[in-house]
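The values are calculated or read from the model by the stated rules, or taken from the named source; none is laboratory data. Note that the structure is predicted; figures quoted are calculated from it, not measured. Note: ideal-geometry Cβ built from the backbone for every residue, glycine included; neighbour counts use all protein chains shown.
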Amino acid sequence: MNLYLVRNTTGDAIWIAHEDDEMRIWSYVPNTGKFHLNQGLYLDFFFEHKNTYEPITVAAAQQAIRDGIGKLDGRTLSHLIERFQADPSARTVEDVLGATPIPTTRQQASARARALAAAPAGQWMTWKSYPRERKQLAHVAVTDIRSGKVRALRELGKVDVRLEDVDDQVQVLVARAS
């Protein structure tokens, strides 16, 4: 089994890819939580070489899945998401990685929201961490939380949010308002 972190020409991680024993290329789609055959990546991997394919371990693939690498924008790519959802040959994470299921981004957010709801008001908790070079994503997360775009937090009422630099990470911290 070969696993790859696929990066586009600007160096952004765009897919987690799996090359199977039959030399087919599968990509993980967070919107479905499964791996799907990806003809475009197959062509690029074997012929075009526009993207970069960095070999990764199962643990690194699991972390990339938790980070949401490969998520498709439902507003602009809903037709692709529908096609992937109807894909009868999709492979589960367990099939590909031989591991236990990895919670989806929404499931992770719900679990963090439950922990925040159980915590005393005013107690800060890490919502998400980003590498320092991705600090802009942390700012976007703060804006999304403040504007009520994070569904898992809406039910909690007012939530305070802030950024904190910790070593080489930028953490998004949240607390229920007092």
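Before moving on, here are some points about what is shown:
- Test: Gly33 is modelled with pLDDT under 95, assigned by TED's automatic domain parsing to the domain that holds Arg75 and on the phi > 0 side of the Ramachandran plot: yes
- Identity of the residue in the range 15-28, without any contact (Cβ under 8 Å) to a residue 60 or more places away in the chain and crowded, with 16+ Cβ neighbours inside 10 Å, that ends up farthest from Ile81 (Cα to Cα): Glu19
- Residue within the range 71-83 that is within 21 Å of Pro131 (Cα to Cα), outside the structural domain of Gln136 (by TED's automatic domain parsing), in contact (Cβ under 8 Å) with a residue 40 or more places away in the chain and crowded, with 19+ Cβ neighbours inside 10 Å present: no
- Per the conditions (1) part of a loop (DSSP other than H, G, I, E, B); (2) out of contact with any Ser or Thr (no Cβ under 9 Å at 6 or more places or on another chain); (3) under 23 Å from Ala13 (Cβ atoms), the sole criterion not satisfied by Gly148 is (3).
- Only one of the listed residues (Ala138, Ala109) is touching a residue at least 40 places away in the same chain (Cβ under 8 Å), small (Gly, Ala, Ser) and surrounded by 14 or more Cβ atoms within 10 Å (Cβ to Cβ). That residue is Ala109.
- In the range 150-163, the residues that are of a type outside the set (Lys, Arg) and within 17 Å of Ala119 (Cβ to Cβ): Val150, Ala152, Leu153, Glu155, Leu156, Gly157, Val159, Asp160, Val161
- Filter result for Ile56 (of a type in the set (A, V, I, L, M, F, W, C), free of Cβ contacts under 8 Å to residues at least 60 places away in the same chain, surrounded by 12 or more Cβ atoms within 10 Å (Cβ to Cβ) and in contact with a Pro (Cβ under 9 Å, 6 or more places away or on another chain)): no
- Single residue of Ala152, Ala177 found to be among the small types (Gly, Ala, Ser) and surrounded by 13 or more Cβ atoms within 10 Å (Cβ to Cβ): Ala152
- Within the range 29-53, considering residues that are in contact (Cβ under 8 Å) with a residue 24 or more places away in the chain and of a type in the set (A, V, I, L, M), the one nearest to Ser129 (Cα to Cα): Val29
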